[in-house]
Amino acid sequence: SGQIGDQANLYALTEVSTDILVVPTRGTDWGDNGVWRTIHAHTWGPTHPQVLTVWNEKNNGVLRATEVIDPLSNATASQVAEAKFARAYNMFIVLDFFGLAPFRNPTDGPDVIPTVMTSQQAYDMIVQDLTDAIAGLPASNATSANKTRPVKATARFFLAKVKLNAEVYKGSYGATDLADVIKLVDDIEAEGYSLVGNYFNIFK
């Protein structure tokens, strides 16, 4: 849950916080007690409902994926690969939005305070999870009608996105980060994927 499915939460923090989107107020309607204006003006705090929901949902996603990855779950190799992709995705959003990432082992009790990873540590974990996911996910099929589960191309695309922004998360690009981005995208293209010919068809 908690993916981009409506106007709130992840979508709101991504779009309303920029000049791309402004939520209008019509009389007493749509204002919702100022939650949209607060996001747009960058005056939110930790109790803002959209901020709190994204924080809780994405960290919950990290923990639930970690539970599947843990040997105690007896998950199959393919389930672990999918869970590593899911953990990387959720942790990336936490890192991108908040600049750090808490981490809890699945066997920790409620009294155990989570470890708080630095941006560099979270980045490294995300990259490792996606690298493992690429190795373990099923082969890509560009013509498949089933787009609901990650495949190798999904993880390659996301890893390319992460590495393209490596400077933001670890302070500078590594020696191979940008070359890795090019290779990952080339590998995706070799699997039968390509960009839409007419950019505006994306919005149809």
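Some values worked out for this structure:
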| item | result |
| --- | --- |
| Selection status of Thr118, within 20 Å of the chain's Cα centre (by Cα), of a type in the set (Val, Ile, Thr) and either surrounded by 12 or more Cβ atoms within 10 Å (Cβ to Cβ) or more than 30 Å from Leu52 (Cα to Cα) (or both) | yes |
| Considering residues of segment 150-204 that are within 20 Å of Phe97 (Cα to Cα), of a type in the set (Lys, Arg) and crowded, with 18+ Cβ neighbours inside 10 Å only, the residue modelled with the highest pLDDT | Lys163 |
| Considering residues of segment 47-66 that are in a helix (DSSP H, G or I), surrounded by fewer than 20 Cβ atoms within 10 Å (Cβ to Cβ) and of a type outside the set (Val, Ile, Thr) only, the residue farthest from the chain's Cα centre (by Cα) | Pro49 |
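So that you can scan it fast, the table gives a plain yes or no per residue for (1) at pLDDT 95 or above; (2) open to solvent by less than 30 Å² (accessible area, probe 1.4 Å); (3) out of contact with any strand residue (DSSP E or B) (no Cβ under 7 Å at 6 or more places or on another chain); (4) within 18 Å of Leu159 (Cβ to Cβ):
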| residue | (1), (2), (3), (4) |
| --- | --- |
| Val68 | yes, no, yes, no |
| Ala81 | yes, yes, yes, yes |
| Lys84 | yes, no, yes, yes |
| Met91 | yes, yes, no, yes |
| Ala101 | yes, yes, no, yes |
| Pro110 | no, no, yes, no |
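The values are calculated or read from the model by the stated rules, or taken from the named source; none is laboratory data. All figures in this text were calculated on a predicted structure; none of them were measured in a lab. Quick reminder, even Gly has a Cβ in these numbers, built from the backbone with ideal geometry, and neighbours come from all protein chains shown. Heavy atoms of the whole protein, side chains included, go into the accessibility calculation; ligands, DNA and RNA do not. Shrake-Rupley method; radii C 1.70, N 1.55, O 1.52, S 1.80 Å.
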